[in-house]
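Structure first, commentary second.
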Amino acid sequence: SLLAGLAAGILSTLLCFYYLTIRMSSGREILAGIKRHQFSVVYQPVLDTQHQHVKGVEALMRWHHPAVGPIPPDVFIQYAEAQGLIVPLTRHLFSLIVKDLPVLQQCLPAGAKLGINLAPSHLKAASFQSDITQFVSQLPGNYFKLLLEMTERAMLEGDEVLESFNWLHEQGFDIAVDDFGTGHSALIYLQRFPFDYLKIDKGFISTIGQETVTSPVLDAVLNLAQRLKMETVAEGVETADQAAWLAKRGVTYMQGYYLGRPVSAQRLNEWYCKLPS
Ligand code: C2E
Ligand code: CA
Ligand code: CA
Ligand code: CA
């Protein structure tokens, strides 16, 4: 009977897994997750390299599934895109951020940048402009400056996306190219699109400080950003050496575990923002 119990256990685990896979791939799980408050948002501080003062945060979504546990955003964003659920998911993100605004405002200086990741398919959605307008109307005055982050992939998606970029720019929002250097970089697009920031992927940053590997690509990217008059943000900064190197090299902003992990607004306020600067 021990064996039977074991078999039943394995079978039910398999069935459960199968059931979840079906639900995940059909998108119902994401919609259910929204309804059941399984999603949350964490904020990672972004600092200037010169003085290491907090200049803003990047909002990052989290999904804690009751059966599966934490599901990484890389995974569920991909699901959401494939299933046409990016719009409801991003609207949900906006509503979570709006709830955190009083705490964020207490914690961050006026003019702080509020970084939000946008998926390429959202830029093509009919509701894109109204989604953004609706969100911005709930921000307190001009306290925060919206910084919209998009991967290089978005640039390859055609004219609708270019129109959305131009609209964002006209509205006065900042736009960042995320994960720069990792995608199918078409450098020509950097001139055609109104980008304000280049975010340098952590893959490049991790090469800093390894004596034998000084990345010529990183050097080239920094020179390129300078020539294009774009400001730079280094992500994935994990050591003091990397932070010092970036400051010396004239990179404007940085973020990473060395400077602060992504945490809830509550925790950001209780712990991080109470530190003397
Ligand atoms: P990303 O936009 O490039 O976000 C930076 C990722 O690097 C985050 O992973 C962050 O937790 C991680 N990170 C920060 N500092 C360090 C560090 O020092 N070392 C290392 N190894 N990692 C660090 P996360 O939160 O797992 O997000 C992964 C990706 O999922 C994001 O990459 C972004 O592309 C996507 N994502 C997350 N939240 C959202 C969202 O709300 N909307 C959309 N469209 N995409 C999102
Ligand atoms: Ca990002
Ligand atoms: Ca990134
Ligand atoms: Ca990334």
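The values are calculated or read from the model by the stated rules, or taken from the named source; none is laboratory data. Computed from a predicted structure; not experimentally measured. Glycine also receives a Cβ, built like all others from the backbone with ideal geometry; neighbour counts cover every protein chain displayed. Note: accessible area is taken over every heavy atom of the protein model, side chains too, but ligands, DNA and RNA are not part of it. Shrake-Rupley method; radii C 1.70, N 1.55, O 1.52, S 1.80 Å.
Out of curiosity, is residue 252 among the β-branched types (Val, Ile, Thr), open to solvent by 50 Å² or more (accessible area, probe 1.4 Å) and in contact (Cβ under 8 Å) with a residue 24 or more places away in the chain? Break it down stepwise before answering.
Numbers: among the β-branched types (Val, Ile, Thr): yes; open to solvent by 50 Å² or more (accessible area, probe 1.4 Å): no; in contact (Cβ under 8 Å) with a residue 24 or more places away in the chain: yes.
So residue 252 fails the test.
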Practice task
Please work out which one of (1) closer than 26 Å to residue 229 by Cβ; (2) over 19 Å from the mean Cα position of the chain (by Cα) is the condition residue 161 fails and give its number.
Solution key: (2)
Problem - Criterion violated by residue 206 - all others in (1) more than 16 Å from ligand 4 (Cβ to nearest atom); (2) of a type in the set (S, T, N, Q); (3) touching a residue at least 24 places away in the same chain (Cβ under 8 Å); (4) more than 18 Å from residue 58 (Cβ to Cβ) satisfied - result: (1)
Exercise for the section: Among the residues of the stretch 255-277, write down those that are part of a loop (DSSP other than H, G, I, E, B), in contact (Cβ under 8 Å) with a residue 60 or more places away in the chain and of a type in the set (A, V, I, L, M). Expected result: 259
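Might you check whether a residue that is open to solvent by less than 30 Å² (accessible area, probe 1.4 Å) and at pLDDT below 95 occurs anywhere in the stretch 48-59? Show your work before the answer.
The first filter runs over the stretch 48-59 and keeps only residues open to solvent by less than 30 Å² (accessible area, probe 1.4 Å), leaving 48-49, 56-59.
With the extra rule that they be at pLDDT below 95, the set shrinks to none.
Within the stretch 48-59, none of the residues are open to solvent by less than 30 Å² (accessible area, probe 1.4 Å) and at pLDDT below 95.
For every residue, the table says whether it meets (1) in a loop (DSSP other than H, G, I, E, B); (2) within 16 Å of ligand 2 (Cβ to nearest atom); (3) over 30 Å from residue 249 (Cα atoms).
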{"site": "8", "(1), (2), (3)": "no, no, yes"}
{"site": "13", "(1), (2), (3)": "no, no, yes"}
{"site": "31", "(1), (2), (3)": "no, no, yes"}
{"site": "50", "(1), (2), (3)": "yes, no, no"}
{"site": "88", "(1), (2), (3)": "no, no, yes"}
{"site": "93", "(1), (2), (3)": "no, yes, yes"}
{"site": "97", "(1), (2), (3)": "no, yes, yes"}
{"site": "106", "(1), (2), (3)": "no, no, yes"}
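Can you spot a residue in the stretch 94-111 that is within 16 Å of ligand 4 (Cβ to nearest atom) and within 24 Å of residue 157 (Cβ to Cβ)?
Narrowing the stretch 94-111 to residues within 16 Å of ligand 4 (Cβ to nearest atom): none.
Within the stretch 94-111, none of the residues are within 16 Å of ligand 4 (Cβ to nearest atom) and within 24 Å of residue 157 (Cβ to Cβ).
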Exercise for the section: Would you be able to say whether some residue in the stretch 140-150 is at pLDDT below 90 and touching a strand residue (DSSP E or B) at 6+ places or on another chain (Cβ under 8 Å)? Expected result: no
